[in-house]
Amino acid sequence: MDTKTLCLAVLSMGDASGYEIKKRVEEVFSRFMDVAPSGIYAALKLLEKEGFVSAQIVVQEGRPNKTVYTLLERGRDALVVSLRASEGRHKIRSELVTLLMFADLLPPTKLRDILAHRIAELEQITTELEASASACRPGHRFLVRMGMELASAELAFLRKNVPGFLDELGRNEASQEKKSPDSPVGSNLLQGQ
């Protein structure tokens, strides 16, 4: 989904300033999409020029004026066309997944910290999802329930399996330290073992 479509999607939930759209993108959408919040203001200007959104200057006392954007019918139609054209691919882009794949190359203490951070992150996500359980759109409510299920399952898995995983890595680290520095790296992978 491009930045313009993302802005239209956020505005379909209600009028918002550029700052509010950027905040929503950073707090919500960036968790599951590659987005560039820096391009939001430029996208909003283009959307206004194309007649998809209207912009109204709101005067604020003691603070700079802000521009509030409203989704127009033409913009809603463009959003629908874009959503219908999407293939709905599900991709996982996770630094955590990469680190876990190569966990044997990292100290167990680093992994312990990373996994403790992930557990805390999942607890925060669960709290945020619970707070939005009364979302008005059916798709939002469905996603909140799905997100809670996924977060709960991942939390349960991590709480049950992290201690044993870290123990295994500690044992592997100890055995690696005993190997000769001249041992070939990855030779067992190449031999299919």
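What about Ala43, is it among the aliphatic types (A, V, I, L, M) and assigned to a helix (DSSP H, G or I)?
So Ala43 passes the test.
The rows are residues; the columns are (1) outside the structural domain of Gly170 (by TED's automatic domain parsing); (2) of a type outside the set (S, T, N, Q); (3) touching a Cys at 6+ places or on another chain (Cβ under 7 Å); (4) surrounded by 11 or more Cβ atoms within 10 Å (Cβ to Cβ).
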| site | (1), (2), (3), (4) |
| --- | --- |
| Pro64 | yes, yes, no, no |
| Tyr69 | yes, yes, no, yes |
| Leu100 | no, yes, no, yes |
| His117 | no, yes, no, yes |
| Ala120 | no, yes, no, no |
| Glu123 | no, yes, no, yes |
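I need the full set of residues from the stretch 100-124 which are part of a helix (DSSP H, G or I), touching a residue at least 12 places away in the same chain (Cβ under 8 Å) and of a type outside the set (A, V, I, L, M), in order please.
The answer is Asp104, Pro108, Arg112, Arg118, Glu123.
One line per residue, one yes/no per condition, for (1) more than 26 Å from Val97 (Cα to Cα); (2) more than 16 Å from the chain's Cα centre (by Cα); (3) at pLDDT 95 or above:
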position	(1), (2), (3)
Glu121	no, no, no
Thr127	no, no, no
Ser132	yes, yes, no
Leu143	no, no, no
Gly147	no, no, no
Ala153	no, yes, yes
Ala156	no, yes, yes
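Within the stretch 71-99, restricting attention to residues that are in a loop (DSSP other than H, G, I, E, B) and either small (Gly, Ala, Ser) or modelled with pLDDT of 90 or more (or both), which residue is nearest to the chain's Cα centre (by Cα)?
Across the stretch 71-99, the extreme among qualifying residues is Ser94.
The values are calculated or read from the model by the stated rules, or taken from the named source; none is laboratory data. Predicted model, so just to flag it, every value in this text is computed and none were measured. Please note: Cβ atoms are built from the backbone with ideal geometry, for glycine as well, and neighbour counts cover all protein chains shown.
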